[in-house]
Amino acid sequence: QFLAELMLALVEAELQEVRANGGVLAGPSKHAVYLGGQRQTHDRDTSLLSGTRPLLESQIRTRVLALSNVSTLSAHATGLVFRDDAVSAVRCVVDHDERVVDVDFVVDAMGRSSRLSDWVEHAGYQRPQLQRLRIDINYATAMFERPQDPSELPLACALARYTDGLACATAVEGNQWLVLLSAYGPDRPPASIEAFRKACAKLPPIYGQAVSGAVTREIQTYRQADSRRRDFTRLERFPARLVSVGDAAASFNPVHAQGVSSAALHASCLSDYLVAAPPLARAATEFFELQAVVTDAAWTLSAGDDAARLDSLQGNDVPEDVAQRRWALEQVLQATLVDQSVAKAFTAVTYMLAHPSTLADPTLLERAVAINERQSANPER
């Protein structure tokens, strides 16, 4: 009980600090998800704390650097040194000078373009198998002045899924709105503020409100060709004292917002692994197995949705079991528009608070199908 109360106190302190720096706390009634123009029934128990990525990262960095046993070295990593089948040092460049830094354990967090696979293969170890799924996502973000206090807003966060992409409007620090529009394949989101505002005018009213203020940051665009995951669970020869986390292990379609959540869960897996005092003289197999549970869950949500879209566009034959899973997910998703318990279950999975397998629960699926059949028969209800 004491530990639980201590954790709650720490979370509350962190929450208040983020809010003091401009983060916006949106209660259950202040955030919405739209599917095909219809608003999903909101989860009465879930609040969202929103802010920009720099706010989140600076908050985490400040906390980490305040730890007495943490120090930093700004450098460009160029390779690893191995001894007795384990990592023993990191090669790096600091101010044009090459250095070799002795290490006890290495965590690769170099992102989706990590060169770790090249380094281990060059040293004679097995290269993790890389899986890719084409997504061809394009998105644009811009920021606008927000004169209203969050408490005065009808919504502080809105997510709209539509046929050709996704849109998001979020109240963030600095009295601003952060607005995102996305598109797939050859389509591109608007590149001018005028076109951006016209596109938002076709979405639920909160989007038009969000882009009505003065521009505080011009449109920035991004394209990602594919989702990637590296399989560390089937390696027969891999160095000890070496792991990969975050996008270096698996990177997903960013519009599904699984990246930061999965990275945080990777960190939790690493904590569990190290606290258990594992045998560091051999590869971190136990960690990779824990991490795979997280990666599989995020891949099911993000890559599964992208694979379904590609199969639909290309007219691919879909295996019966895959088609059945997709049908079940569509039933659940459709039922979230009118049923709070289904919406709550789906929200928990979306935020990676529950495993996607929970959506396959027969009781939940039966409820969703029954709800959808009733809605189809009585659309006005």
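Please treat every number below as a calculation from the coordinates, not as lab data. This one's a predicted model, so the numbers in the text were calculated from it and none came from an experiment. Here the Cβ positions follow ideal geometry from the backbone for every residue, glycine too, while neighbour counts run over all protein chains shown.
With the cut-off at under 14 Å, measuring from each backbone N in the range 150-182 to a point 7 Å along the Cα-to-Cβ line of THR62 picks out 173-174. Considering all C-alpha pairs of the range 254-381, those separated by over 26 Å amount to 37%.
Between the residues PHE105, ALA66, ILE137, the greatest Cα displacement towards the positive end of the dipole of the range 1-146, with unit charges on the Cβ of Lys, Arg, Asp and Glu, is found for ILE137.
For the range 31-172, what percent of Cα pairs sit more than 22 Å apart? That tail contains 64 percent of the Cα-Cα pairs. For the chain, what does the alpha-carbon gyration tensor say about shape, rounded, prolate or oblate, given a ≥ b ≥ c as the root eigenvalues, a/c under 1.5 as rounded, and a/b over b/c as prolate? Prolate is the answer for the chain, as a/c is 1.5 or above and a/b outweighs b/c. In the chain, Cα pairs under 8 Å separated by at least six residues give a relative contact order of 17 percent. Taking one quarter of the surface of the C-alpha convex hull of the range 190-229 gives a mean projected area of 4.1 nm². Straight-distance candidates among the lysines for linking to LYS344, with alpha-carbon spacing under 21 Å and chain neighbours fewer than 8 residues away dropped: LYS30. Of SER227, PHE196, ALA240, whose Cα points farthest to the positive end of the dipole of the range 196-241 (charges on the beta-carbon: +1 Lys, Arg; -1 Asp, Glu; origin at the Cα centre)? Of the candidates, ALA240 comes out farthest on the positive side.
Amide H to amide H, with H built 1.01 Å from N, LEU80 comes under 5 Å of ARG91, counting only residues 5 or more places away or on other chains. Taking a straight Cα-Cα cut-off under 16 Å and skipping sequence neighbours fewer than 8 places away in the same chain, the aspartates and glutamates within cross-link reach of LYS202 are ASP164, GLU194.
Per residue, the chain reaches -12500 deg cm²/dmol at 222 nm when only DSSP H runs of four or more residues are counted, each adding -39500 (n - 2.57).
Available extension along the chain between ASP317 and LEU280 is 8.7 nm, counting 0.36 nm per residue and deducting the alpha carbon span. Each Lys and Arg contributes +1 and each Asp and Glu -1, all at the Cβ; summed about the Cα centre of the chain, the dipole is approximately 660 debye.
Taking the alpha carbon gyration tensor of the range 336-381, multiplying each eigenvalue by 5 and rooting it gives semi-axes of 22, 12, 6 Å, largest first. Using only alpha-carbon positions in the range 21-108, the gyration tensor eigenvalues give semi-axes of 44, 17, 13 Å once each is multiplied by 5 and square-rooted (largest first).
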